[in-house]
Amino acid sequence: MRPTFPPRPPSASSTALVRPALWSLTSKEVTTIDCPTCGARKHALCRTLRDRPTTALHRGRKTRYLNLRFGLDLTEPHTRHPQPHRAPTGPGIGLHATRTPDPQPWRLPLYELADLINISFLDHAKVVTAHACGLRRTGLDGLLYGPDHIQQSLDALTYALHDRQLQRETHALTRGRDAHTTLLAEQQQAIRSRLLEAEQLLKRRRITELTAAGILPFPPRSDDPRHVARAWLGRYLADEKEALVHAIATAAGVPHNAAAPIRSIRDKITKSIDNGWITAPVNDTVEQLLATDDHAFRRRLIADATQQDARDDALCHPLVLNRWRDQLNHSLTDLAPAAENPTTKRLHDLTPTGRARSASQIEQLAGRRRLFAALLQRRAECTRLITDLNDTMTLAEQADPSYTKLKQAADQAYSELVRQHPDLYQRIRSALTPTRPATAASPTTHPAPNSGSGFSPTGTVNRSV
């Protein structure tokens, strides 16, 4: 049985799902400017990495609209609270009245709710929490977990899960276990179950799409020593192999830029952007972020983690994702001891101990744990973005007209390497050939490339983002 989800009025003592009133924005207003994240033009929907229109507006578009409309500066990474400056003058410029935020946004008409969750992340979190705790209404499942909003709903569920846990811990530390603690625990469990269901739904959709494109299932790995030796020879002579592939492919009619070798994941992303395979404009903000030193980058991601509604979209750019993930991992490792969290994999359940804590100590610990939870949430978001980026590039690459010719050119290049370097090829073959016949009890195994053979491959490319 699903736990009930009673309405909870805003409270100054509660930091969960309660936020200061936003300006009464609508998606129609926000789309009156170009999107700095995907480059969507005025009055057009935002685009996904795969250049598909989506009703889920990018946060950067909302932030840019606020800057222009109300004369704010919401892009400063070192300031937690935006500082107002002189507003532009002109007809219609300035703040306007706004209704009090609805304490139960899930009761709004569906078309209003669809617009609200595009504008306000914390209202989105309220709605997914109510849905996880038993709310049912026609059309809500499709709105929250349809193709346009499932990623944002997973993010909101992750936030809500951490929020309920932190509320429960703080309440137990200050007032002990009571009926409210039990209610929070039930809501936490309901949100966790819904989060797992949504993750499985996204995984099934991904498998279906990759299967329909012919990418899944992956072909089985060959144990034939001839094929394995060719692959190792290509790795060892990576530069020579790339030159052969380029020469064979261009001779077959593949354009020069399509046949150019990819030596790093950054090269692959850049090539995908240049070829129009992914929609991710490299604007000035992204270039400045790429040039930022590690210390400033760390401050920027911390500032982003402290603001749920006004986030830094530049961190989500494909060229920044690797660095964002690495710096998130470093930040989590550094913060874990202060947050009393023994692992960086998840938010550990902080059970009350016999150790006495003052009210200020509990408040400070709760703040550190809330930041730790926000970093975990951002890392989960980053991981989903990396997965989506990899899938997008793989699908686009396979659909490109040059894909088949490049595969054939690579196969011919491996064969040419074997012809030009027969002694080295035989040496690798000898290292891979088992010394005795394989049996059912003793399967064939291949020794590691460096295990006494004197063979040390170079030029290995990391294919994961």
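Annotations
- At an R0 of 45 angstrom, the distance between the Cβ atoms of Asp223 and Thr181 translates into a FRET efficiency of 0.20.
- Take the stretch 151-210 with all the other protein chains still there, run a 1.4 Å probe, and you get 46 Å² of accessible area per residue.
- Taken about its Cα centre, the stretch 289-433 carries a charge dipole of about 520 debye when Lys and Arg each add +1 at the Cβ and Asp and Glu each add -1 at the Cβ.
- Among the trypsin sites (Lys or Arg not before Pro) in the stretch 111-215, those located in a DSSP loop and surrounded by at most 16 other Cβ atoms within 10 Å of their own Cβ are Arg136, Arg137, Arg177.
- Magnitude of the charge dipole, the stretch 142-194, Cβ model with Lys/Arg +1 and Asp/Glu -1, debye to 20: 200
- Per-residue Karplus couplings for the stretch 106-120, computed as 6.51 cos²θ - 1.76 cosθ + 1.60 with θ equal to phi - 60°, are listed in order as 5, 8, 5, x, 4, 5, 6, 5, 4, 6, 5, 6, 6, 9, 10 Hz, Gly and Pro entered as x.
- Trypsin sites (Lys or Arg not before Pro) within the stretch 320-358: DSSP coil, no more than 15 neighbouring Cβ in 10 Å: Lys345, Arg346, Arg355, Arg357
- Cross-link check: pairs Lys126/Lys345; Lys28/Lys271; Lys203/Lys241; Lys28/Lys268; Lys241/Lys268 evaluated at a Cα-Cα cut-off of 28 Å; pairs beyond the cut-off: Lys28/Lys271; Lys203/Lys241; Lys28/Lys268.
- For the stretch 212-321, trypsin sites (Lys or Arg not before Pro) are listed when DSSP marks them as loop and at most 11 other Cβ atoms sit within 10 Å of their Cβ; the list is Arg221.
- Here the Kirkwood formula, the inverse mean of 1/r across different C-alpha pairs, assigns the stretch 227-341 a hydrodynamic radius of 17.4 Å.
The values are calculated or read from the model by the stated rules, or taken from the named source; none is laboratory data. Computed from a prediction, not measured in an experiment: that's the story for all the values here. Please note: Cβ atoms are built from the backbone with ideal geometry, for glycine as well, and neighbour counts cover all protein chains shown. SASA here: full protein model, heavy atoms, side chains in, ligands and nucleic acids out. Shrake-Rupley method; radii C 1.70, N 1.55, O 1.52, S 1.80 Å.
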